[in-house]
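Computed from the coordinates by the stated procedures, all read-outs in this text should not be read as laboratory data. Quantities reported herein were computed from a predicted structural model and do not represent experimental measurements. Cβ placement follows ideal geometry from the backbone for every residue including glycine, while neighbour counts extend to all protein chains displayed.
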């Protein structure tokens, strides 16, 4: 196994490739290319880089997108529809209003209060023929969470041609192939400790309110915005891990289930056949799907 770790997209990236079938430095070259691909996607979709393609779209309100960003935006909008609006890429204004207006490494507590609530549900029109995306007035996109999962999926597609692989972007991960003929052993945090599960296909992602936190006028804030209120979520769940066909889909469902609250999340996950770990603010853990 060859392993590569680096910092990108505001998190720790880990690439693992079974190089048994590779020749010479083929695996090393592939990992170099995979790292470059992650950084390229970051440069395209980052909301912290004013020169990124995403931020140029947010500033202009309408623009013709490159293929990658158009596909990423389309995927995000599809998941907004699938989750009934709980996952919503148009919460950019709400995230900034809450105080998350710079990278997490640069984020500091502030004495001033958070800005006004900025609910989601903003209008976004996509034209597949021209590749153009048009935002309604006042709407801006934030693709932070789903972009990490999407990047993991894209890189895994490339590395998977050479052999079994695992790609993790801060815990949003995708696998291709089996680990020595067995499911990949992956740690998932329950309320009390990390538990190891076997991931044999697809992707997995975690959304939580317990890590990316800061203070505004003495009030604790976090980055998971409820599009219905335009404020950080206040459900009885603190963390959700979801398994899906790919990491981008798992990321959207992890956020949507977190916002649903434990009872509704458990019911919806079971109805949709989603394997998930729901960690409550009371310290309890509920599992669904193959983990139940």
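Can you report the number of residues in segment 57-76 which are in contact with a strand residue (DSSP E or B) (Cβ under 6 Å, 6 or more places away or on another chain) and buried (at least 17 other Cβ atoms within 10 Å of the Cβ)?
3
Here are some residues: 252, 247, 269. Which one is over 18 Å from residue 76 (Cβ atoms) and touching a helix residue (DSSP H, G or I) at 6+ places or on another chain (Cβ under 7 Å)?
From the options 252, 247, 269, the qualifying one is 269.
Would you mind stating whether residue 214 is under 21 Å from the mean Cα position of the chain (by Cα) and within 20 Å of residue 89 (Cβ to Cβ)?
No: the conditions fail for residue 214.
Condition first: farther than 18 Å from residue 191 by Cβ and either part of a helix (DSSP H, G or I) or touching a residue at least 24 places away in the same chain (Cβ under 8 Å) (or both). Now tell me which residues in segment 261-288 satisfy that.
Once the filter is applied, which keeps residues that are farther than 18 Å from residue 191 by Cβ and either part of a helix (DSSP H, G or I) or touching a residue at least 24 places away in the same chain (Cβ under 8 Å) (or both), segment 261-288 yields 264, 267, 268, 270, 271, 272, 274.
Considering only segment 1-33, how many residues are more than 13 Å from residue 163 (Cβ to Cβ) and surrounded by 21 or more Cβ atoms within 10 Å (Cβ to Cβ)?
2
Could you please let me know if residue 205 is assigned to a strand (DSSP E or B), more than 22 Å from residue 114 (Cα to Cα) and touching a residue at least 12 places away in the same chain (Cβ under 8 Å)?
yes
From the list 230, 170, 131, 145, which one is within 15 Å of the chain's Cα centre (by Cα), surrounded by fewer than 21 Cβ atoms within 10 Å (Cβ to Cβ), closer than 30 Å to residue 57 by Cα and touching a residue at least 40 places away in the same chain (Cβ under 8 Å)?
One residue alone meets the criteria, 170.
Yes/no matrix, rows are residues, columns are (1) farther than 24 Å from residue 141 by Cβ; (2) touching a strand residue (DSSP E or B) at 6+ places or on another chain (Cβ under 6 Å):
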{"residue": "4", "(1), (2)": "yes, yes"}
{"residue": "21", "(1), (2)": "yes, no"}
{"residue": "24", "(1), (2)": "yes, no"}
{"residue": "32", "(1), (2)": "yes, no"}
{"residue": "38", "(1), (2)": "no, yes"}
{"residue": "41", "(1), (2)": "no, no"}
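Here is a yes/no grid of residues against (1) under 22 Å from residue 39 (Cα atoms); (2) in a helix (DSSP H, G or I):
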residue	(1), (2)
105	yes, yes
120	no, no
126	no, no
141	yes, no
147	yes, yes
174	yes, no
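Looking at segment 98-115 only, could you name the residues that are exposed (fewer than 13 other Cβ atoms within 10 Å of the Cβ), over 19 Å from the mean Cα position of the chain (by Cα) and without any contact (Cβ under 8 Å) to a residue 60 or more places away in the chain?
Within segment 98-115, just 106 meets the criteria.
Of all helices (runs of 4 or more DSSP H) completely enclosed by segment 1-94, which ones contain at least 2 residues that are over 17 Å from residue 134 (Cα atoms) and over 22 Å from the mean Cα position of the chain (by Cα)?
26-45
Which members of segment 273-283 meet the condition of being surrounded by fewer than 19 Cβ atoms within 10 Å (Cβ to Cβ) and out of contact with any helix residue (DSSP H, G or I) (no Cβ under 8 Å at 6 or more places or on another chain)?
Once the filter is applied, which keeps residues that are surrounded by fewer than 19 Cβ atoms within 10 Å (Cβ to Cβ) and out of contact with any helix residue (DSSP H, G or I) (no Cβ under 8 Å at 6 or more places or on another chain), segment 273-283 yields 281, 282, 283.
Going by the structure shown, is residue 176 free of Cβ contacts under 8 Å to residues at least 60 places away in the same chain, within 20 Å of the chain's Cα centre (by Cα) and farther than 22 Å from residue 46 by Cα?
So residue 176 fits the description; yes.
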